[in-house]
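Reviewing the structure listed below.
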Amino acid sequence: MDRSSARIGGQYPRPGNNDNQPKDHAACSSRGRYRHAPVRQWCHPPRTAPGCNESYYSSAACSFQHLQRRSVNRTQDFNNLIKQEIMDGLVNQSERIGHRYDGKHHGQYASSIKKYTSAAKRPLNRTEQSQLISFLQNFTATPSWNWLSLTTTLHSFTSAGVFTPHNPMDGRVKRTQAALLSTLLDAIIFKCNQASHAGDIAAQGVANLLWAMAKLVDNGQEQTPTFNRAVAALLPHVNPQKKQFIPQHIANLLWAMAKLADYGQERTPEFNAAVAALLPHVNVQKANFNAQGIANLLWAMAKLVDNGQEPTPGFMAALAALLPYVNRQKDQFIPQHIANLLWAMAKLVDNGQEQTPGLKEAVATLLPLVNAQKNQFNAQGVANLLWAMAKLVDNGQERTPELNKAVAALLTRVNAQKDQFNAQGVTNLLWAMAKLVDNGQKRTPEFNEALAALLPHVSAQTANFTPQGIANLLWAMAKLVDNGQERTSGLKEAVATLLPHVNAKKNQFIPQHIANLLWAMAKLVDKGQELTPALNRAVTALLPFVNAQKANFKPHEIASLLWATAKLVDNGLERTPLLKPAVAALLPLVNTAKANFNPQEIANLLWATAKLVGNGLDQTPQLNEAVTALLPQVNAAKANFNPQEIVNLLWAMAKLVDNGEDRTPELKEAVASLLPQVNAQKDNFTPQGIANLLWAMTKLVDSGQERTSEFTEAVAALLPYVNAAKANFKPQGIANLLWAMAKLVDNGQERTPEFNEAVAALLPHVNTEQANFKPQEIANLVWAMAKLEDNGEWTSELNEAVTALLRHVHT
């Protein structure tokens, strides 16, 4: 062998399509600990081990080995590791023994680097890595290396951080690093595809190599074609070795495959077969996993599901087998385990996993540990835990005292660690806080402090947010405002910072992002957000993608988009040429998805169509078809509408009829189905709801609605609430109510004592609010009072109200 064969860049035969696959394997191991997932280190085989001819190893070749037998003195021992005589010895060994050299001393040298970082309790820093890689220019793997040497070298260097990319990074160092990794991967591929060598790989070798591959990607290494071929070459070795894996191997392998899948690894048949081969052994070995193994396995299973893993019987059996061990091992979990476990359970539930008694018990077991270890969680742990609790609650988890205590404990840590959260952490926290509030979380002082602490970091991290992050952040801020959060200067600044990024990243949003963004902007505007040029540009940037992505929106996204467009137009958004095509693209989808809308979505859709028509949108055939498709759903869901939805539905139908919609049998049936709900929910309507209901019923009657007994009962049920809520009506509500009562009388409504009391309760407020009525409202009020006077006595209150209004008519 010439000297070049010992340098980086040595060539290896590439695997071909006809290469044989391995048949049998052997193992040798000893315990070790690693940062993310414990992996067993290779033991050095005895000199008499079969297949390991040691006769050609020289003790002088590896002068670094004395470091493995002494304590580590940081700077001194690192400098000892990069002495030139060490590399000279390795190169000489490789040259002298030639094709018989099995890489033993190279593997031992790699182990010494790992031992150094283990003792230092950290990976190599940037300076050390740069010095080491420069030193390793002549370090290379060759086809003659055995599996032990290859596995030890790749695993040790990966664990020590030799291959971790840094930014910035010297170009020469980067090229040497890539070449070194490539030679190792090429050697692994070569051996995997050679029948004479493939059988030598042991179970621990498979586990360590796949763990190392996953760790490389997790540390930022690019998944090059060579990397992908190496993974593909290793995967077929999992199934043949499945019975040889110890619990730690199983945990590490599933962790590795989950991590690879999370970074885009294709779920090939070989990948799926490897996962399927391991899952039964989770059940078999369930009693032998330690706390970290349980945490890593549940994390891995959640990640796999999140990346498309089917809940096969084998998967479900493995999950059910592990959950009881969360309780049994609870005293052994460190903070990272607790965070990963709760994250995993939340992710499983979010992907459709039933909240079984076993899962609920596991969650209940972990929650007290959050409070107990609250000061030990790092920033990522805090973010993941609050995200997990928000997800669990959003999927039906009861907000028990333990959950509330855990949330309260974590909120205090948000403020304490505010400077440590990365962009994703900021996003997850604000999303979680918005979700928790939307599900009943009180806005305590701790909550408000955490929110105030995070908002400035939206501006500070703005360049680092992903498209999903931007969508989630704007959604979160809109949701918080929708639940009563004051639009503080911090919140306004955060919104203003994000809006330009909507336009900049418009091509990267998926359908869910588009729906959430338009909903968020509509909600913010509805709560007082100014229609700034930046907001208008953001909306304009998104509208073409509604049409482009129309085939990919889910039912709730269709409802959100139509509601959002209607709200934006109602709040002053210019009806640009882009708006009409977006609405036109969505309307046919209403008919297609009609059976999948929930009650809230049905109400929002009918409200949106009515608002759009009320603001000048043509009643096209597509719009009429959408309305026709929705009306039968009103009857079907009548018992499930909340008070606001009942109000919105009756208002929408009245508005549509007022704008020319035919009173079809379906519309009449929908109105008839809702009227009894007015009586049933009468105690729960807001003042605005009462005003809108009486206006809607009056409009319907004025357009031909029969005054049935249900109609009469609904009106009678609402009238006492006019008096009760008289101090809370806005000027528009007062005008609409008096107009409605006058119209009702004009259409035959009996002037009952309750009716007269309602009118008498409203009249003094005409005088009080006289300066706040719009011209149209003044006209309606004057008409209403004239009509009331025609049908009853002229009271002093009526006289004062008319006098007050006439002054504004003349002005």
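The values are calculated or read from the model by the stated rules, or taken from the named source; none is laboratory data. From a predicted model like this one, the values you see are computed outputs, not experimental measurements. Here Cβ is always computed from backbone atoms with ideal geometry, including for glycine, and neighbour counts include all displayed protein chains. Side chains are part of the model used for accessible areas, which takes the heavy atoms of the whole protein and leaves out ligands, DNA and RNA. Shrake-Rupley method; radii C 1.70, N 1.55, O 1.52, S 1.80 Å.
Below are the figures for this structure:
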{"quantity": "Relative contact order of segment 629-694, defined on C-alpha pairs under 8 angstrom at six or more residues apart (%)", "calculated": "53"}
{"quantity": "Listed residue (Ala372, Ala362, Trp147) projecting farthest to the positive dipole end of the chain, Cβ model", "calculated": "Trp147"}
{"quantity": "Rounded tilt (10° steps) of 555-570 against the dominant C-alpha axis of the chain", "calculated": "50"}
{"quantity": "Test item: Cα-centred dipole of segment 113-192, Lys/Arg +1 and Asp/Glu -1 on Cβ, debye", "calculated": "200"}
{"quantity": "FRET efficiency estimate (nearest 0.05) - Cβ-Cβ, Arg707 to Ala779, R0 30 angstrom", "calculated": "0.70"}
{"quantity": "Largest to smallest accessible area among Trp145, Trp475 [probe 1.4 Å]", "calculated": "Trp475, Trp145"}
{"quantity": "Among Phe245, Gly528, Ala760 the positive-end extreme of the charge dipole of the chain (Cβ point charges)", "calculated": "Phe245"}
{"quantity": "Proximal charge balance of Ala408 [Cβ under 15 Å; K/R count +1, D/E count -1]", "calculated": "+3"}
{"quantity": "Positive-end extreme of charge dipole, the chain - chosen from Ala207, Ala629, Leu650 (charges on Cβ)", "calculated": "Ala207"}
{"quantity": "Total formal charge among the other residues, if their Cβ is under 13 angstrom from that of Lys303, Lys/Arg +1 and Asp/Glu -1", "calculated": "-1"}
{"quantity": "Helix-derived mean residue ellipticity, 222 nm - over the chain, DSSP H n ≥ 4, -39500 (n - 2.57), to 500", "calculated": "-21500 deg cm²/dmol"}
{"quantity": "Helix axis angle, 126-135 relative to the chain longest principal axis, alpha carbon, degrees", "calculated": "40"}
{"quantity": "Across Lys554/Lys682; Lys259/Lys550; Lys347/Lys523; Lys611/Lys774; Lys442/Lys523; Lys259/Lys492, pairs whose alpha-carbon gap is larger than 30 Å", "calculated": "Lys554/Lys682; Lys259/Lys550; Lys259/Lys492"}
{"quantity": "Average projection area in nm² (convex hull over Cα atoms of segment 188-315, one quarter of hull surface)", "calculated": "7.3"}
{"quantity": "For the chain: relative contact order, % (alpha-carbon pairs under 8 angstrom, 6 or more apart)", "calculated": "6"}
{"quantity": "Relative packing of peptides 729-740, 164-175 - highest average C-beta neighbours within 10 Å first", "calculated": "729-740, 164-175"}
{"quantity": "Those residues of segment 354-386 whose amide nitrogen sits under 13 Å from the label point placed on Asp306, 7 Å along Cα→Cβ", "calculated": "381, 383-386"}
{"quantity": "Quotient of C-alpha Rg and 2.2 N^0.38 Å, computed over segment 309-388", "calculated": "1.09"}
{"quantity": "Radius 15 Å from Cβ of Ala680, net charge of other residues (Lys, Arg +1; Asp, Glu -1)", "calculated": "-2"}
{"quantity": "Dipole magnitude of the chain, debye to nearest 20 (Cβ charges: Lys/Arg +1, Asp/Glu -1, about Cα centre)", "calculated": "4160"}
{"quantity": "Additional length obtainable on full extension of the chain from Ala639 to Thr488, 0.36 nm per residue less Cα span", "calculated": "50.5 nm"}
{"quantity": "By average C-beta atoms within 10 angstrom, highest first, the peptides 286-299, 313-326", "calculated": "286-299, 313-326"}
{"quantity": "Convex hull (Cα only) mean projected area of segment 652-749, reported in nm² to one decimal", "calculated": "5.8"}
{"quantity": "Partner aspartates and glutamates for Lys726 [C-alpha distance under 14 Å; skip if fewer than 8 residues away on the same chain]", "calculated": "Glu754, Glu757, Glu769"}
{"quantity": "Sequence ranges 568-580, 130-142, ranked by mean other-Cβ count within 10 angstrom, highest first", "calculated": "130-142, 568-580"}
{"quantity": "Whole-angstrom gap from segment 182-244 to segment 363-438, using each part's C-alpha centre", "calculated": "38"}
{"quantity": "Gyration tensor (Cα) of the chain, equivalent ellipsoid semi-axes in angstrom", "calculated": "70, 25, 24"}
{"quantity": "Arg487 accessible area, 1.4 Å probe, all protein chains in place, Å² to nearest 10", "calculated": "50"}
{"quantity": "Sequence-separation-based contact order of segment 521-604, relative, with Cα cut under 8 Å and 6+ spacing, percent", "calculated": "43"}
